[in-house]
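Reading through the structure tokens given below for one structure.
Just so it is clear, none of the values below were taken in a lab; they were calculated from the coordinates. Keep in mind that this is a model prediction, so the values were computed, not measured. Backbone-built Cβ (ideal geometry, glycine too); neighbour counts: all protein chains shown.
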4 protein chains.
Amino acid sequence: MAAEPFLFPYTISLHDSDAAGIIFSANLFRICHESYEAMMAELGFSIGYLLKHRPFGVPLVHLDGDFMKPSRVGDHITIEVRVAELNRSSYRMEYLLRTPDGTPCARAATVHVVVDTKTYASMPIPAAFRTALERHYLPD
Amino acid sequence: MAAEPFLFPYTISLHDSDAAGIIFSANLFRICHESYEAMMAELGFSIGYLLKHRPFGVPLVHLDGDFMKPSRVGDHITIEVRVAELNRSSYRMEYLLRTPDGTPCARAATVHVVVDTKTYASMPIPAAFRTALERHYLPD
Amino acid sequence: MAAEPFLFPYTISLHDSDAAGIIFSANLFRICHESYEAMMAELGFSIGYLLKHRPFGVPLVHLDGDFMKPSRVGDHITIEVRVAELNRSSYRMEYLLRTPDGTPCARAATVHVVVDTKTYASMPIPAAFRTALERHYLPD
Amino acid sequence: MAAEPFLFPYTISLHDSDAAGIIFSANLFRICHESYEAMMAELGFSIGYLLKHRPFGVPLVHLDGDFMKPSRVGDHITIEVRVAELNRSSYRMEYLLRTPDGTPCARAATVHVVVDTKTYASMPIPAAFRTALERHYLPD
């Protein structure tokens, strides 16, 4: 099965916005994290499962993002989520936000390190999790 | 057509939670507001439309809520949204959050006043908006 | 020493606001919780301490609030925080938000239950914590 | 007067954290934005003023950040805020978060473009605002 992006539809909420009338910057990452959580659940590694059973942790060590055009309350967007890098113990997620006509309005990336939940030391990505991530592995 | 509640499915996200492991209290209202925005969009009075065209405003003047049992990341809930009071210039929304087996885990209410967007003075609920709200008007 | 309210100065931030130009409703409770955390730290029962050492938990079971007048980005407010009810195993906090000239612009209340962190069963408020709360105990 | 960083003390709140026990990633940017707003107010260009009088806008077009070590509820940090780039119509802010012993625990950057509030087109940084920003201009 060829890898493909995970698609996440989202509608900009009032709480995403601020008094300047557009998305409050930090909320870009909160919204992208929602799409990441949905992807993780689809892959069988939901954040709820990871928090409860603690097979490993996936803390975020880096984030970056860009706004191409302002988004407003009620705007419908689709987030294309993909695994852009898959290293020994870390992976980079890329998020592309598009308006309904396909125009990119923002992008973001997050880098996660797989860690032992007791020692917080990095560890190799477990084989089953790596196989799952490959479903959406589309390097740049 | 008989009035019925507006149903809104929601999955508790990592950003809804706090270090105590459960929903951070204020987020109950943020989540309920998402369900309110979805209902308003369904009724043809989306918040995005109200912000853009400013036919009237619906500021919130009161909120209250109760937690019956803790919700955790990944929990699936359904919010039953209804208009519980429909007065001359204000209305009260009620939100009942249920777990998949139907058990209530939280409830909340918000009271909104219809105001003139220029003077911020209260005004009667416009007829078309009242008719729309009646679709989900289920008094206590 | 006579009981007195705990005072907490706060400036409305861009992230507190929404596209309607005023505080997003749920953020009233987030802001009040910041003042509650500052009071708990002053009393020697910081939330960080409670989370780390788990002598008992203080989950929130009820919230209510009212907006008297809109607050905007950059507005300076002072929150008067007091313990309004002190029961066997629960307490109610009251928060009064005032503008610099003393005008109330919002109020809120939160009810907390003291629980065993293992069983989550309610338990009597420990004596030392009760004594601490009495420093700001000003019943209605 | 030599340029120097703007210092902003901050205590990690419960609402900054998530069920993993540490700061929820997106909140790094919300916290840094609070320090940016405090700096802008000190410089005489508060966000509240910009929103009310609209002499120009300063939308954010890029963000990036890194976590060096986890921060928990109640941790006291100091944010060193500086203007790291000062271009014709844009500027880059850098934020360094330190624990009380001086150890960096996170960093972030935001890039802002000065725009006409009517056309949203970029415009040169106004002279008075440039002079103000120079108070904290410390290029890499």
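Quick notes on this structure:
- Relative contact order for chain B, counting Cα pairs under 8 Å that sit 6 or more residues apart, in percent: 31 percent
- Within the protein assembly as shown, all pairs of alpha-carbon atoms sorted by distance into 10 Å bins from zero give the percentages 3, 17, 28, 29, 18, 5, 0, 0.
- Taking each DSSP H run with n ≥ 4 as -39500 (n - 2.57) and averaging over every residue of the protein assembly as shown yields -6500 deg cm²/dmol at 222 nm.
- Taking the label point 7 Å along Cα→Cβ, A:M1 and its counterparts in the other copies are spaced 3.8, 6.2, 6.3 nm apart, in ascending order.
- Tilt relative to chain A, helix A:27-42 - C-alpha long axis, 0 to 90 degrees, to 10: 50 degrees
- Ranked from shortest, the separations from the 7 Å Cα-to-Cβ label point of D:T78 to its equivalents in the other copies are 2.8, 5.0, 5.5 nm.
- Dimensionless Rg ratio for region A:64-140, taking C-alpha atoms and the 2.2 N^0.38 Å reference: 1.34
- Remark: mean inter-chain Cβ contacts per residue of B:25-38 equal 6, using a 10 Å Cβ-Cβ cutoff to other protein chain atoms.
- Normalised by residue number, the volume inside the convex hull of the Cα atoms of region A:10-84 is 118 Å³ per residue.
- Per-q log10 I(q)/I(0), region C:6-136, q = 0.09, 0.15, 0.20 Å⁻¹ (Debye; single scatterer per alpha-carbon; no solvent): -0.28, -0.72, -1.12
- Positive contributions from Lys and Arg (+1) and negative ones from Asp and Glu (-1), summed over other residues with Cβ under 12 Å from the Cβ of A:L138, come out at -3.
- In nanometres and ascending order, the distances from the A:D66 label point to those of the other copies are 2.0, 5.1, 5.2 (point 7 Å from Cα along Cα→Cβ).
- Rotation relating C and B, chain B residue nearest the axis via C-beta, angstrom: B:D64, 2
- Its Cα centre serving as origin, region A:6-136 has a Cβ charge dipole (Lys and Arg +1, Asp and Glu -1) of approximately 380 debye.
- Other protein chain C-beta atoms within 10 Å of residue C-beta, averaged over C:62-73: 5.
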